[in-house]
1. If you take the beta carbon distance between Thr395 and Asp139 as r and set R0 to 60 Å, what does 1/(1 + (r/R0)^6) give as a FRET efficiency, to the nearest 0.05?
2. Looking at the chain, what % of the alpha carbon pairs are farther apart than 45 Å?
3. Kindly report the accessible area of the range 151-254 per residue (heavy atoms of protein chains, probe 1.4 Å, no ligands, DNA or RNA), in Å².
4. Provide the solvent-accessible area of His65, counting protein heavy atoms only and rolling a 1.4 Å probe, rounded to the nearest 10 Å².
5. If the only charges are +1 at each Lys and Arg Cβ and -1 at each Asp and Glu Cβ, what is the size of the charge dipole of the range 112-260 around the Cα centre, to the nearest 20 debye?
6. Kindly provide the GluC sites (Glu not before Pro) of the range 244-323 that DSSP labels as loop, not H, G, I, E or B, and whose Cβ sees at most 13 other Cβ atoms within 10 Å.
7. Working out 0.36 nm times the residue gap between His651 and Asp264, then minus their Cα-Cα distance, what length gain in nm do you get to one decimal?
8. If you place +1 on the Cβ of every Lys and Arg, -1 on the Cβ of every Asp and Glu, and leave all else neutral, what size is the dipole of the range 493-555 about its Cα centre, to the nearest 20 Debye?
Amino acid sequence: MATSEIRNIIFLGHGSSGKTSIVEAILHKTGITNRLGNVDDGTTVSDYDDEEKHRKHSIQASITHTNYKGKQINMVDSPGYPGFVGPALQAIDAVETAAIVINASSGIEVNTRKYFEAADKAGLVKIIIINKIDSDNVDFNELVSNIQETFGKQCRCANLPSVDKKSIIDCVGNDQGESFKDVAKVHTNLIESIIEADDELMEAYLGGEEVSKSKIEEVFVKAMLEGCITPIVFTDAKDEIGIDELLEMIYESAPAPNQEEHSDLIDGDNVTHITPDPAGPLAALVFKVGLDPKSHMKYAYIRVISGTLKSDTPMYHNTDKKPIRPGHILRPQGAGYDEIEAGIAGDIICLAKIEELKYGDLLHDGSLKGSFKLVELPKPMFSLALEPASRGDETKIGQALDRLAEEDLCFTYSHNKQTKELVVNGLGDLHLRVMLSKLENEFKVKVTTKQPKIPYRETITGKADGHYKHKKQSGGSGQFGEVYLRVEPGERDQDPSLQTSWDIFGGSIPGQFEAPIIKGIQDVMADGVIAGYPMQDVKVSIYDGKHHPVDSKEVAFRAAGKGAFIDAVSKAKPVLLEPVVNMDITVPSEFMGDITGDIAGRRGRIQGQDMLTGNMIVIKAAVPLAEVSSYNSQLKSITGGRGSYSMELSHYDPVPPNVQKKVIEEYQKEKEAS
């Protein structure tokens, strides 16, 4: 097999658009399966996890493959509901083509837009699939118009459903047939969009010459790569209508890995162009880590960018100096794996039992440094505090959470030093419920949950000087250190959060004590000054002090740095910052007034709205996290369970004075009690 014979495609779309059913139909049509699996029955190749079978929707990115007319087609079936966008976005890095699947009856939904934008930002070729065309009362003209209005006029129908919706009419090489649109006009519009990618062909066409179907198909790939055309195709996956035509489009028009120019390996300011050549140096990206739910065996899913990887190929991991052996080279097929001789440039493969591999890792032949640019993932902001239900599970829970967090980068956990809570974070209530269900069912760890404390931050709003003298004498040599420093606000969300300058002149403090002083300042940055929360966005100038030739030690200057910093911060108008989240709230339009009023009452700002088909609306808002940390129950109460939402971190803002006063008072009470 050559790189030119590989096609990599991810199916993206909102939940219940039919992505899994399309992949299942392709596997059945190409002879991989003997019978057509069904999501409702839990019999599909892609949704093999027990949680997926139980909930009847995908929760992870599942990789399958088939062969069509000699071409290797690697497919990624991705989850569609808002809480599970992480695994879908991670897999975008492994493919050249994104198929954006739209439910004909639901139209463009929240995640349809998000996935299209993510695929566009990643530079993927896009195909739009309108699935479930047998649905009743679908206005296809309106749906296509909405697609063009939302995603651009380059979106053109490449085929159309027949009037009875039982067959598909080709519009690339054909201008005859009956459908909801004029086939001849659709054919003309499509051809005119395609030929924009080829000046000679456009000149011939405008000159009245007849353009052959083979020439159009030849230019189609170029037109897709250059963004001149985003083809719209129609399917009804459950009855396998339009699947043959979709396969032909992937075969004829989806780009091969070597039709992409190159991938960039970034190492600081140095950029190395990696060309997809099987004979080139080995370069591969780990784009997904998975665990077998029963054996807990770890699998790393890898896109080979360049070179060839065999079972005995010496393989280097990131900056490691010692090579590792990949072992068996596997090609994933849902829950199963086919062993192959080698993975070549452009292919998607899997390696088992290599514990150190994680998402985003670089595998190479020892000659490369750096990392590939990865898709941006949303920051999880929906949180729960956990406690093991039984004391015996305390040691098991950390290991289990590690495993779950490896699989889904949008699921994180941390031990909050201030609140002494174990907090898990996800993209929504459903996301965390699924992960905790996996925790119980796969790792046999039961937990109880509660709302965690809000992760406030502290900062300063003014300039101030601080001073502290640390002097301790208890027989023998003592401890002495004296520090003067100045603080001022840094840029919001600056990196690093603490910026220091050593402005000592004349040797009043020897340079060897700079590090201990900064360490003392960092101690305070971690624990806060006014309410026990970490600090951010502070600049510090250490400009004077005193030392003693015998009694000055690192421990003394660490204490002096800490004391001087606390003194300065206390005088620099310290404030609390609270996390503000961006929310997308999807509800029936009849509840728009209730939702906007409720958000306003939570100190939120409405930032816009999008109308969806089916009389649904998406309300976009920025709201303090403290006001919506348990919004699920409120939304359910307002809409009778007909609403949903997602949220991700936007920024940190100062809290109102009354809120700050209340938080500080609670902190003081807890401090006194302990």
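The values are calculated or read from the model by the stated rules, or taken from the named source; none is laboratory data. Because the structure is a prediction, the values reported are computed rather than measured. A quick note on method: Cβ atoms are made from the backbone with ideal geometry, for glycine too, and the neighbour counts reach across all protein chains shown. All accessible areas refer to the heavy atoms of the entire protein, side chains included, with ligands and DNA or RNA removed. Shrake-Rupley method; radii C 1.70, N 1.55, O 1.52, S 1.80 Å.
1. So, using R0 = 60 Å, E works out to roughly 0.55.
2. Working: 72261 of 226801 pairs.
Beyond 45 Å sits 32 percent of the P(r) for the chain.
3. About 46 Å² of surface per residue is accessible.
4. For His65, the solvent-accessible surface is approximately 20 Å².
5. Using Cβ point charges on Lys, Arg, Asp and Glu, the range 112-260 gives about 580 debye.
6. On the way: sites: Glu245, Glu248, Glu252, Glu260, Glu261; in loops: Glu260, Glu261.
Of the GluC sites (Glu not before Pro), the ones in loops of the range 244-323 whose Cβ has at most 13 other Cβ atoms within 10 Å are Glu261.
7. Working: separation 387, 0.36 × 387 = 139.32 nm, distance 2.99 nm.
Separation in residues times 0.36 nm, less the Cα-Cα distance, equals 136.3 nm.
8. Numbers: 4 positive and 10 negative charges, 42 e Å.
Rounded to the nearest 20 debye, it is 200 debye.
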